[in-house]
Amino acid sequence: MSLFRLDASIRTEGSVSRALADIVEDSWCEHSDDATVTRRHIGLDPVPATAWAAAVGADRSRRASMSDEERVAVDLATTLVDELVAADAFLFAVPLYNFGVSQHFKAWVDLAITDPRLASGGPQPLRGRRAVLVVVRGGAYGPGTPREGWDHASGWIRRILEDVWGLDLRVVETEFTLVGVNPALDQFAEMAARMREAADRLAQDHGRHLVGAAAD
Ligand SMILES: Cc1cc2nc3c(=O)[nH]c(=O)nc-3n(C[C@H](O)[C@H](O)[C@H](O)COP(=O)(O)O)c2cc1C
């Protein structure tokens, strides 16, 4: 079985999204035969920000008339989508940055969607395949918190993965990852620890959910 894993954190040391994704991956690996993983570290090796406009503007029916920039962008989009179509299961680890979607994740999605296979209203080659989304936030956004409604990333990511691409998605979330980093959040240490323990357990369970994707 093959797993496609994408990491959007801009750091490796101390990354909570990577740590949770590692638990999902290890759990998946433990329960899979012939496990292979294809990785995209878009936080460290981003898709070029100019590729999307070049791919959107290219006339795919006339490759010979494309500019070099358009051809490179279209080929990169094809590679990204080939990686997805070849996978049995998916793992996406995406932090919240500036109350919105990581620019690297948005650039990667936008480019993939220029390929007609993954366009909105397209053939949905990934429909029904199993996926796990790991979302981490430095602060807290639950009901009644001062920043309830300020997470403008998670909803959009779910729309793309579940509705546009049709994945069978489970989500692992944790908040308050800045507790221990930002002294103003020290009072929430216990709550943060509880959230993290629950997320670790859920990550373990969701790794098992990914197994069986090939049978769908
Ligand atoms: C540039 C930057 C912007 C951030 N913006 C937010 C934010 O708007 N809201 C929030 O809750 N956390 C924010 N964070 C905190 C991250 O979501 C948090 O540190 C998370 O754990 C990062 O993921 P990682 O641990 O996998 O690297 C931001 C972090 C960085 C570096």
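The values are calculated or read from the model by the stated rules, or taken from the named source; none is laboratory data. Everything quoted here is computed from the prediction, not taken from an experiment. Reconstructed Cβ throughout: ideal geometry from the backbone, glycine too, with neighbour counts over all protein chains shown. Remember, those area values only see protein heavy atoms, side chains included, never the ligands or the DNA or RNA. Shrake-Rupley method; radii C 1.70, N 1.55, O 1.52, S 1.80 Å.
Data table
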quantity	calculated
Complete set of residues in the stretch 1-46 that are touching a residue at least 24 places away in the same chain (Cβ under 8 Å), in a helix (DSSP H, G or I) and within 16 Å of the ligand (Cβ to nearest atom)	Val16, Ser17, Arg18, Leu20, Ala21, Ile23, Val24, Glu25
Positions within the stretch 122-159 being more than 16 Å from the ligand (Cβ to nearest atom) and in contact with a Leu (Cβ under 9 Å, 6 or more places away or on another chain), in sequence order	Gln124, Pro125, Leu126, Arg127, Gly128, Arg129, Arg130, Ala131, Arg158
Residues located in the stretch 121-159, provided they are of a type in the set (S, T, N, Q) and farther than 20 Å from Ala87 by Cα	Thr145, Ser154
Subset of the stretch 140-165 [open to solvent by less than 60 Å² (accessible area, probe 1.4 Å), assigned to a loop (DSSP other than H, G, I, E, B), touching a residue at least 24 places away in the same chain (Cβ under 8 Å) and more than 22 Å from Leu202 (Cα to Cα)]	Trp165
Matching residues, the stretch 160-192, being of a type in the set (Phe, Trp, Tyr) and within 16 Å of the ligand (Cβ to nearest atom)	Phe176, Phe188
Qualifying residue in the stretch 182-195 (condition: small (Gly, Ala, Ser) and on the phi > 0 side of the Ramachandran plot)	no
Residue among Arg71, Arg137, Arg62, Arg39 that is of a type in the set (Lys, Arg) and buried (at least 18 other Cβ atoms within 10 Å of the Cβ)	Arg137
